[in-house]
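Each remark here refers to the structure printed beneath this line.
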């Protein structure tokens, strides 16, 4: 008997088997992120949760370095045709991503194409406003959002003769308390992390002052910087004066100053709400959280603070079935239970109204009232054009320019007015470059 | 052994001790930090005496320190680093030996052009050309492969320069003797040049091994699957920039662990440094 | 430089130099050409819209006063790092060559710093020198120095010079030692018998014989100081305060990777590349003439 029919049958059978297996092999969705340590753990957990509850898709998280390195990896991959489906990009990269039409797929379009139920109204506008167009179309999904708040050392307060349960509400009170803390022997009164974000960007939003024209850039790439107004100049000049005797002590451009608070050196710090986990685990003193202080003589203050952190962008050039998977994953991410858990464990702000309500209903904030401070600070009032967020090209560079000029001010080499005017001039050049390359 | 006046024999030791202490201080601090708890590390300033958590921290580092990158065990990451380090070191030494030999011991048209082309690779750092390099690697289908991890790193010139320097010092008599004996260039290479290059090869092996072992930016770009990650990426993935909390004690412990293989290589290569191995009468 | 006595095979040298040339062509020249081409374009990071702009990028850079400042900082930085990395290394290598007992231990210990990944070494330096929690910072404050490199530019520059040189000391030590070990003992013994003391022996015999290694190290150290010190500066000072530690390669990397200005970054790297090529050519022409082969 000729072996051929048998061979034919066998190959047909194996083909059928492999085809069947191919049908059931999940479609891989790569999620490139910059999360480290415990937060990376959370990312892995979220992906696992999605993967185990269905078999059609598999989300694979890949750590790609810092935010800048991850963005670069995404860019390199896109140029080489190997881009992931999901890319985590820091908030300052929003303008760059937005301008890259073709390289990205906006979330609202993703959800519509995949016919996934998607209601923009279900999301907290203060959080998603940063990542949406001016008419409310969501471009990227917020993932780890934070906002600046005050952490203060209750023991240092007591030692300085201050009431540890009454943190300062206004800037004059804040400066006063810092002076007393310094006088009582602490090496430093207060410091600030993310100097540009806390002392100029959020400062502007909190006092309803523009950081840049055109609604801080949300209205177009022809925006110009505007943070060198009289209040900001006065504020920075005060910080420079206080630097002289270390009532205010500059600690670095990003999160380095946080170490000065944890070690007990500085009695107060203004920095990201995401610092919470670190303080809780490592501070060896009683501490509390408080809202940002404001200048009481400014009309409209306090308004609301703006967010920092990162969001998830969907990259262009993938297959339609990949996008269906991403859409389903985003639905999964927006689930109330998941958002609730994410917020309570990591401190990231919840992105949906339902999640926020659920957290409240659960009594979480009743037990931990300070955890609600960031959310209230952000969504306490309806945002104005000055406080919806920023969308400026090359904001990373602009932040460094600002930091450079502020450093010169704190070192006594320039006045605040000179520094902020110079920063505006240099920043505007950067904005025009971006405008040219984005057109 | 040189003869030296007995009275000052302690001078070298003193200089070496001071030098060693200064140079090693940051590493000592790393070690101390790996035996403390995170809050002890962050309580400024950190103590300089080792703490009591050595076993506990190293066990944590070995077992679930890198759970943060999709649960790859430290052994796997170290294995990847080892492969990259070995392939890069051996690859670079081999092709550099051959190129330097060609450039020094032969006269051929384009000789200096070849040398300068190879040497030019030092003048444009990797980070600048990393986007196009990644693109080419992707086009060649080498993303997420050991080939992609290693071959682009072999295109470098330090080893070639070093061998060129050394080959230029070899006396002409050696070459003439070989020619008289009827030995061809390859025989001369294997029988005479290679053994004489032993010390330099050992030094280079240490340097290039460490270079391959410590690569960060390129493996980060060119690998996507967690099983291809290297130990340095593993360590960096624990250092939070911004919001997340860095488990410094585990970071430090893993850093010390990651230094052990390069240290082992240094110890192994020292056999080649032993005085007298090199023929004193060339 | 060329030897007097050579082999005369025709095709063998091409075969020997082939592998390195191929790897170099594919993985260096090809991407480098593309990277250099970026310098005459203006494009968005994703490469979706590119526009040929000729020498615009170069003009923008060279007319930026910040660039000249960077040039000055780089000159100071590179010279200091090279000196600080080579002189102690030579001293330590000479000492290590002389001792018998404990030589292996000294060698291992002195080569150790090289084993720490640059990506992580920067973090360690922060730990040591950070004005808030650094161990060394604390000690400096104790002896009265107001250590705050976050605001004091000179302190910041001193710090990054130290951090960058530290790693290179191990590298130089290793090669100096290898070079010293290759010096024929017979020569030294003969000189000793002739009555030359250790210092005299060092200057007249060892140093000249060490010169090929020294030349190699000078070239490599300068290239290192110009190109590979980005990581240290990025993690310790970020080019600050107020550009006090912004060396040329830092601007290249920052503009390319962080600011995503590929055109500007490429143009700067072309200028930097030409600078270092010129520097190296000068070294080969003038310094190598004094090398004793």
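The values are calculated or read from the model by the stated rules, or taken from the named source; none is laboratory data. Values in this document were obtained by computation on a predicted structure and should not be read as measured data. Using ideal geometry, Cβ is built from the backbone for each residue, glycine included, and neighbour counts are taken over all protein chains shown.
Among the residues of segment C:256-272, just one is more than 8 Å from chain A (Cβ to nearest Cβ) and free of Cβ contacts under 8 Å to residues at least 24 places away in the same chain, namely C:256.
When the residues of segment A:201-225 are filtered to those that are in contact with a strand residue (DSSP E or B) (Cβ under 8 Å, 6 or more places away or on another chain) and crowded, with 18+ Cβ neighbours inside 10 Å, the one that is farthest from residue A:377 (Cα to Cα) is A:223. Beta carbons closer than 7 Å, at least 6 apart along the sequence or on distinct chains, pair a first residue in segment C:1-30 that is farther than 22 Å from residue C:216 by Cα with a second that is surrounded by fewer than 16 Cβ atoms within 10 Å (Cβ to Cβ) for C:5/B:172; C:5/B:176; C:6/B:107.
Please determine whether any residue of segment A:366-374 is under 30 Å from residue C:45 (Cα atoms), surrounded by fewer than 17 Cβ atoms within 10 Å (Cβ to Cβ) and in contact with a helix residue (DSSP H, G or I) (Cβ under 9 Å, 6 or more places away or on another chain). No, segment A:366-374 contains no residue that is under 30 Å from residue C:45 (Cα atoms), surrounded by fewer than 17 Cβ atoms within 10 Å (Cβ to Cβ) and in contact with a helix residue (DSSP H, G or I) (Cβ under 9 Å, 6 or more places away or on another chain). Restricting segment C:180-213 to residues that are in contact (Cβ under 8 Å) with a residue 60 or more places away in the chain and more than 17 Å from residue C:95 (Cβ to Cβ) leaves a set whose member that is surrounded by the most Cβ atoms within 10 Å (Cβ to Cβ) is C:212.
A quick yes/no check of all residues on (1) assigned to a loop (DSSP other than H, G, I, E, B); (2) more than 25 Å from residue A:429 (Cα to Cα):
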| site | (1), (2) |
| --- | --- |
| A:172 | no, yes |
| A:203 | no, no |
| A:209 | yes, no |
| A:219 | yes, no |
| A:223 | yes, no |
| A:233 | no, no |
| A:256 | yes, yes |
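Sub-6 Å Cβ pairs linking a first residue in segment A:41-58 that is farther than 16 Å from residue B:225 by Cβ and within 14 Å of chain B (Cβ to nearest Cβ) to a second residue that is in a strand (DSSP E or B) and at pLDDT 95 or above, at least 6 apart or interchain, number zero.
Mind checking which residues of segment B:114-139 are part of a loop (DSSP other than H, G, I, E, B) and within 8 Å of chain C (Cβ to nearest Cβ)?
B:124, B:125, B:127, B:128, B:129
Per the listing A:134, A:55, A:82, the residue uniquely touching a helix residue (DSSP H, G or I) at 6+ places or on another chain (Cβ under 6 Å) and outside any helix (DSSP H, G or I) is A:82. Answer yes if at least one residue in segment B:93-110 is free of Cβ contacts under 8 Å to residues at least 40 places away in the same chain and closer than 30 Å to residue A:43 by Cα, and no otherwise. No - not one qualifying residue is present in segment B:93-110. None of A:156, A:85, A:73 is in contact (Cβ under 8 Å) with a residue 60 or more places away in the chain and more than 30 Å from residue A:290 (Cα to Cα) except A:85.
For the residues B:210, B:193, the requirement of being touching a helix residue (DSSP H, G or I) at 6+ places or on another chain (Cβ under 6 Å), at pLDDT 85 or above and assigned to a helix (DSSP H, G or I) singles out B:210. Could you grab me the full set of residues in segment B:213-244 that are within 7 Å of chain A (Cβ to nearest Cβ), assigned to a loop (DSSP other than H, G, I, E, B) and touching a residue at least 24 places away in the same chain (Cβ under 8 Å)? Residues satisfying the conditions are B:224, B:237, B:238. The residues listed here are C:123, C:109; of these, the one that is at the interface with chain B (Cβ under 7 Å from one of its Cβ atoms), closer than 30 Å to residue A:76 by Cα, modelled with pLDDT under 90 and part of a helix (DSSP H, G or I) is C:123. Considering the conditions (1) closer than 28 Å to residue C:262 by Cβ; (2) buried (at least 21 other Cβ atoms within 10 Å of the Cβ); (3) more than 17 Å from the chain's Cα centre (by Cα), residue B:136 is excluded by exactly one of them, (2). Taking each residue of segment A:172-188 that is under 11 Å from residue A:246 (Cβ atoms) and looking for partners that are assigned to a helix (DSSP H, G or I) with beta-carbon atoms closer than 6 Å, six or more apart or interchain, yields A:181/A:156; A:186/A:156.
Can you tell me which residue is surrounded by the most Cβ atoms within 10 Å (Cβ to Cβ) among those in segment A:257-274 that are within 7 Å of another protein chain (Cβ to nearest Cβ), over 17 Å from the mean Cα position of the chain (by Cα) and in contact (Cβ under 8 Å) with a residue 24 or more places away in the chain?
My answer is A:260.
All told, residue C:100 meets the bar of being facing chain B (nearest Cβ under 8 Å) and closer than 30 Å to residue C:176 by Cβ. Scanning segment C:74-90 for residues that are surrounded by fewer than 16 Cβ atoms within 10 Å (Cβ to Cβ) and either under 20 Å from residue C:205 (Cβ atoms) or at pLDDT below 85 (or both) yields a single hit, C:87. Can we say residue C:242 is more than 9 Å from every other protein chain (Cβ to nearest Cβ) and either closer than 18 Å to residue B:168 by Cα or surrounded by fewer than 24 Cβ atoms within 10 Å (Cβ to Cβ) (or both)? No, not satisfied. Among the residues that make up segment B:156-168, is at least one of them within 9 Å of another protein chain (Cβ to nearest Cβ), surrounded by fewer than 22 Cβ atoms within 10 Å (Cβ to Cβ), without any contact (Cβ under 8 Å) to a residue 24 or more places away in the chain and out of contact with any strand residue (DSSP E or B) (no Cβ under 8 Å at 6 or more places or on another chain)? For segment B:156-168, residues within 9 Å of another protein chain (Cβ to nearest Cβ), surrounded by fewer than 22 Cβ atoms within 10 Å (Cβ to Cβ), without any contact (Cβ under 8 Å) to a residue 24 or more places away in the chain and out of contact with any strand residue (DSSP E or B) (no Cβ under 8 Å at 6 or more places or on another chain): absent.
Screening segment C:1-73 for helices (runs of 4 or more DSSP H) wholly inside it with 1 or more residues that are at pLDDT below 90 and within 11 Å of chain B (Cβ to nearest Cβ) returns the ranges C:12-24, C:30-37.
Among the residues of segment A:375-416, those identified as closer than 18 Å to residue A:128 by Cβ, touching a helix residue (DSSP H, G or I) at 6+ places or on another chain (Cβ under 7 Å) and either assigned to a helix (DSSP H, G or I) or within 14 Å of chain C (Cβ to nearest Cβ) (or both) are A:375, A:378, A:379.
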